[in-house]
1. Of the residues 125, 135, 175, only one is within 15 Å of ligand 2 (Cβ to nearest atom) and among the polar types (S, T, N, Q); which?
2. Find all pairs meeting these conditions: Cβ atoms under 6 angstrom apart; at least six residues apart or on different chains; first residue within segment 231-256 and aromatic (Phe, Trp, Tyr); second residue in a helix (DSSP H, G or I).
3. In segment 329-357, what residues are away from ligand 1 (no atom under 14 Å from the Cβ) and within 30 Å of residue 377 (Cβ to Cβ)?
4. Considering each of 37, 80, 22 in turn, give the residue that is farther than 20 Å from residue 339 by Cβ and either touching a Phe, Trp or Tyr at 6+ places or on another chain (Cβ under 8 Å) or touching a residue at least 40 places away in the same chain (Cβ under 8 Å) (or both).
5. Across segment 336-350, which residue is nearest to ligand 2 (Cβ to nearest atom) among those that are of a type in the set (A, V, I, L, M) and over 23 Å from the mean Cα position of the chain (by Cα)?
6. Tally the residues that are more than 19 Å from residue 6 (Cα to Cα) and either among the polar types (S, T, N, Q) or in a helix (DSSP H, G or I) (or both), restricting the search to segment 68-124.
Amino acid sequence: MTQLFHIKTFGCQMNKHDSDSISKTLLDKGYRQSDSIDDAHIILINTCAVREKAEEKALAFIGRLAALRRKKPDIIAGVIGCLAQEKGMNLLKRFPHLDLVLGPRNIYRIDKFISQITKGRERISSLDLACEPTSFPNYNGYLRGRVKTFLKIMEGCDNFCSYCIVPFVRGRETSLAAKEIVDEAKYLVSQEIKEITLIGQNVNSYNLKNKDLPTFPGLLKELDSIADLERLRFTTSHPKDLSDELIGSFVELRSLCPHIHLPVQSGSDNILKLMNRGYTRGKYIGLIERLRKTRPDMTITSDMIVGFPGERERDFEDSLRLIEEIEFDNLFSFKYSERPGIKALQLPGRIEKEEKQRRLSMLQERQRGITLSKNNLLEGTIQEILVEGPGKRGDDQLTGRTLGNKVVNFPARTNLKGQLVRVKIVKALQNSLLGELVDRQDHKVY
Ligand code: 5AD
Ligand code: SF4
């Protein structure tokens with residue numbers, strides 16, 4: 001009997017991509033995928049450990065599997081991803097219903113581990129951070145119905161920002177071979193994918209440590225020459241490695257979309273130093289000015305942490321002032337969360353929970369106003385939208401994104417999924433835009 005597997009994914013794009021890669025591997029080996037956890041023989045939980053809250057969510061989910069296992073003792077239950085790497089063997093000790101614990105760099109041989117467990121019912125953990133990422137088999141038809149997808153170009157991180165657990169759970173930074181990436185992109189395009197987002201912890205340091213190999217702008221250039229690739233994006237970039245050459249790519253390359261996610265983390269030089277970010281507030285502002293000079297229509301989004309140890313009121317005010325000065329299109333902001341092993345644990349000046357919450361609410365409130373005023377600027381403009389499918393309101397509405405990555409919903413009678421269409425923005429909302437289809441002469445079509 002064919003075995004059914006189900007993957008529950010928590011966390012970032014890297015985890016979503018890893019879950020896809022595992023699915024393709026298992027499908028290729030003859031397993032079948034199930035949308036429902038109750039039908040599955042193999043249940044995998046792909047976990048995040050970047051903040052305590054993410055960790056608690058994953059642990060609660062793992063805990064609830066115990067009941068299912070009691071009902072169906074033959075199922076195989078595994079935990080993969082960043083929490084698996086962080087907790088390691090302790091997960092097997094704490095949860096007797098788990099069979100498998102795999103770190104993010106140990107997912108490549110997942111089919112072997114599963115058949116080993118099936119045969120011998122042994123419990124397995126694999127946590128070797130030195131494993132080099134390799135490519136996964138492609139499974140024809142896996143991407144059916146998708147218009148866009150992620151493509152991983154690197155794994156791990158060497159930056160050791162003092163608040164971040166990633167270097168400890170995803171290991172040292174390593175770049176995948178350019179030829180493999182380009183071949184994969186060509187394959188994705190042959191499967192009707194119109195938009196590719198290159199992903200990695202710090203994509204703009206791609207091959208930086210090996211000068212003989214193509215750097216990030218070189219890789220973008222090669223991908224840009226794939227004729228049927230409509231849109232190319234990347235995330236995440238680190239401000240310290242954002243070169244002029246990369247900024248120039250935003251005008252030189254046909255397919256590169258004018259959006260950059262450039263995490264700033266704090267607006268205070270004291271805090272940036274304690275965070276080990278490798279740039280100052282002034283340097284960051286300079287980068288934004290250069291980006292906007294090159295591409296005035298660029299969407300700029302960022303991440304910010306509040307309540308980092310030692311963050312005084314005036315440091316926090318520097319962050320508030322920074323978001324007002326820069327006016328990000330969107331900001332993802334977080335309360336600092338203590339993580340095992342990070343350098344920041346040794347810093348004095350812990351901020352109380354309530355104070356962190358106060359600062360977060362204040363920052364988010366200010367940003368909400370900025371986001372809406374940025375969206376308002378688009379009212380009346382014509383935008384190119386890549387149609388992703390039906391909108392939330394159902395069949396008479398389609399949804400897609402602008403070149404700058406903003407969500408647009410608009411009424412339509414026909415299914416235009418996968419097509420690039422012209423849409424006039426008629427109303428700006430907090431998290432999306434409403435539009436109407438227009439023709440070449442900007443006349444309303446529907
Ligand atoms: N506490 C709070 N936020 C964090 N991030 C990373 N580590 C922590 C932490 N310990 C945030 C950063 C990063 C985003 C992915 O998560 O802002 O850019
Ligand atoms: Fe974490 Fe910093 Fe690496 Fe990003 S660059 S993954 S924040 S250590």
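1. Working: 125 fails: within 15 Å of ligand 2 (Cβ to nearest atom); 135 fails: within 15 Å of ligand 2 (Cβ to nearest atom).
Selected residue: 175, the only one of 125, 135, 175 that is within 15 Å of ligand 2 (Cβ to nearest atom) and among the polar types (S, T, N, Q).
2. Close Cβ pairs satisfying both conditions: 234/203; 250/294.
3. Across segment 329-357, the qualifying residue is only 329.
4. Numbers: 37 fails: either touching a Phe, Trp or Tyr at 6+ places or on another chain (Cβ under 8 Å) or touching a residue at least 40 places away in the same chain (Cβ under 8 Å) (or both); 80 fails: farther than 20 Å from residue 339 by Cβ.
So the residue among 37, 80, 22 that is farther than 20 Å from residue 339 by Cβ and either touching a Phe, Trp or Tyr at 6+ places or on another chain (Cβ under 8 Å) or touching a residue at least 40 places away in the same chain (Cβ under 8 Å) (or both) is 22.
5. From segment 336-350, those of a type in the set (A, V, I, L, M) are 342, 344-345, 347; that's our starting set.
When the remaining residues are screened for being over 23 Å from the mean Cα position of the chain (by Cα), the result is 344-345, 347.
Details: 344: 11, 345: 15, 347: 16 Å.
Taking the candidates together, the pick is 344.
6. Matching residues across segment 68-124 total 12.
Yes/no per residue for (1) closer than 30 Å to residue 357 by Cα; (2) modelled with pLDDT of 95 or more; (3) of a type in the set (Lys, Arg):
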| position | (1), (2), (3) |
| --- | --- |
| 24 | no, yes, yes |
| 47 | yes, yes, no |
| 77 | no, yes, no |
| 84 | yes, yes, no |
| 99 | no, yes, no |
| 102 | no, yes, no |
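Residue-wise test of (1) within 16 Å of ligand 2 (Cβ to nearest atom); (2) under 22 Å from the mean Cα position of the chain (by Cα); (3) among the small types (Gly, Ala, Ser).
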| site | (1), (2), (3) |
| --- | --- |
| 187 | no, yes, no |
| 207 | no, yes, no |
| 220 | no, yes, no |
| 231 | no, yes, no |
| 241 | yes, yes, no |
| 275 | yes, yes, no |
| 282 | no, no, yes |
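The values are calculated or read from the model by the stated rules, or taken from the named source; none is laboratory data. All values derive from a computational prediction rather than experimental measurement. We place every Cβ from the backbone using ideal geometry, glycine too, and count neighbours over all the protein chains shown.
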